[in-house]
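The values are calculated or read from the model by the stated rules, or taken from the named source; none is laboratory data. All values reported here derive from a predicted model rather than from experimental measurement. Quick reminder, even Gly has a Cβ in these numbers, built from the backbone with ideal geometry, and neighbours come from all protein chains shown.
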Amino acid sequence: MIITIVLMILLDVMHPPAVATSLSFALRAGNENNLVLFGLAVDITALLVGLERFALWLLVYLSPK
């Protein structure tokens, strides 16, 4: 957790609460392969971060100057 906090400060990023929820589902015990579920959760999170950054870039690019 300390590494995560330091990286968030150094990279100037925020930790969305939804990530913790999705990763907790990915790490649950069950018949499914936890590594696959974890990878899927990380991929979806990365996709959402990319989508947010693109939307913010688009807003700045299209805003009147």
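Provide a single number: the residues in region 6-19 that are at pLDDT 65 or above and loosely packed, with under 10 Cβ neighbours inside 10 Å.
5
(1) assigned to a helix (DSSP H, G or I); (2) modelled with pLDDT of 80 or more; (3) surrounded by 10 or more Cβ atoms within 10 Å (Cβ to Cβ): which one isn't true of residue 3, the others all being true?
(3) is the only condition that residue 3 fails.
Considering region 38-64 alone, what residues qualify as being in contact with a Leu (Cβ under 8 Å, 6 or more places away or on another chain) and over 20 Å from residue 14 (Cα atoms)?
Of everything in region 38-64, just one residue is in contact with a Leu (Cβ under 8 Å, 6 or more places away or on another chain) and over 20 Å from residue 14 (Cα atoms), namely 38.
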